[in-house]
Amino acid sequence: ENPNYLIHDPACGTSGFLIGAYEWIMKQTNEGAELRRDDRERLKTQTFSGVEIVLETRRLALMNLYLHEIEDGIFYGDALADGPHMAKRYDCIMTNPPFGTKGAGEAPSRDDFTVKTSNKQLNFLQHLITVLKPGGKAAIVLPDNVLFEEHAGRDVRRLLLTDCDLHTILRLPIGTFSPYSPGVKANILFFRKGLQTEEVWVYDLRKN
């Protein structure tokens, strides 16, 4: 789409989404044969980045990227805190932030968050809206409570619907994350920054 296209995952884990995006691009371009040499080089050295808060997991992420000949683009730290990762804006973000309340308890110190809340999932949603470029696209895995929570949840949803086109919600089957979280009810929200939401398509895989 443009010569400086950037793909990012602020909760990258072992880099599964980043590698999936890279493999998809390679498939679409005949394993890179249809790309110019400088574009192939940029794809492997400048396109992909992520943030990981667990040091051992970051090491696995770096190893996985290395095996795909992708250079290190994984920042070690908290994506919801200020840091060098906040200097860039991204064209595409795909992420599955951690569920639950572990590590939560207080709102992050961020001047660019409209809604103050200690809910990590709501803050990741605000983070995506902040670091996307205008016209940028995002997909984020979130639990059901983000869709229905009152107070801060309602305010963040209003922000999302106003600043972005939330065009699709995919409701995932229960058991998608087995055996790690077998009973969790999760969704994937797909949106694009810069247009107000007019219509949302809900695709319910939870009820077959």
Legend entry - Subset of region 6-42 (residues that are outside any loop (DSSP other than H, G, I, E, B) and more than 19 Å from the chain's Cα centre (by Cα)): MET26, LYS27, GLN28, ARG37, ASP38, ASP39, ARG40, GLU41, ARG42
Inset, instruction - Look through region 171-208, keep the residues that are free of Cβ contacts under 8 Å to residues at least 40 places away in the same chain and of a type in the set (A, V, I, L, M, F, W, C), and return whichever of them is most open to solvent (accessible area, probe 1.4 Å). - result: TRP201
Legend entry - Any hit, region 125-141, residues being open to solvent by less than 30 Å² (accessible area, probe 1.4 Å), at pLDDT below 90 and out of contact with any Cys (no Cβ under 8 Å at 6 or more places or on another chain): no
Inset, instruction - Can you work out which of the residues in region 113-124 that are assigned to a helix (DSSP H, G or I) and open to solvent by less than 20 Å² (accessible area, probe 1.4 Å) is nearest to PRO143 (Cα to Cα)? - result: GLN121
Inset, instruction - Go through (1) touching a Cys at 6+ places or on another chain (Cβ under 9 Å); (2) open to solvent by less than 20 Å² (accessible area, probe 1.4 Å); (3) among the small types (Gly, Ala, Ser) one by one and return the number of the condition GLY153 breaks. - result: (1)
Legend entry - Members of region 1-27 that are among the acidic types (Asp, Glu) and farther than 16 Å from GLU71 by Cβ: GLU1, GLU23
Inset, instruction - With the checklist (1) under 14 Å from ALA79 (Cβ atoms); (2) of a type outside the set (Val, Ile, Thr); (3) out of contact with any helix residue (DSSP H, G or I) (no Cβ under 6 Å at 6 or more places or on another chain); (4) free of Cβ contacts under 8 Å to residues at least 60 places away in the same chain in hand, flag the one item HIS8 doesn't pass. - result: (4)
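The values are calculated or read from the model by the stated rules, or taken from the named source; none is laboratory data. Here the structure is a predicted model, which means the values were calculated and not measured. Positions of Cβ are backbone-derived with ideal geometry, glycine not excepted, and every protein chain shown enters the neighbour counts. Areas reflect the complete protein model, heavy atoms only, side chains present, ligands, DNA and RNA absent. Shrake-Rupley method; radii C 1.70, N 1.55, O 1.52, S 1.80 Å.
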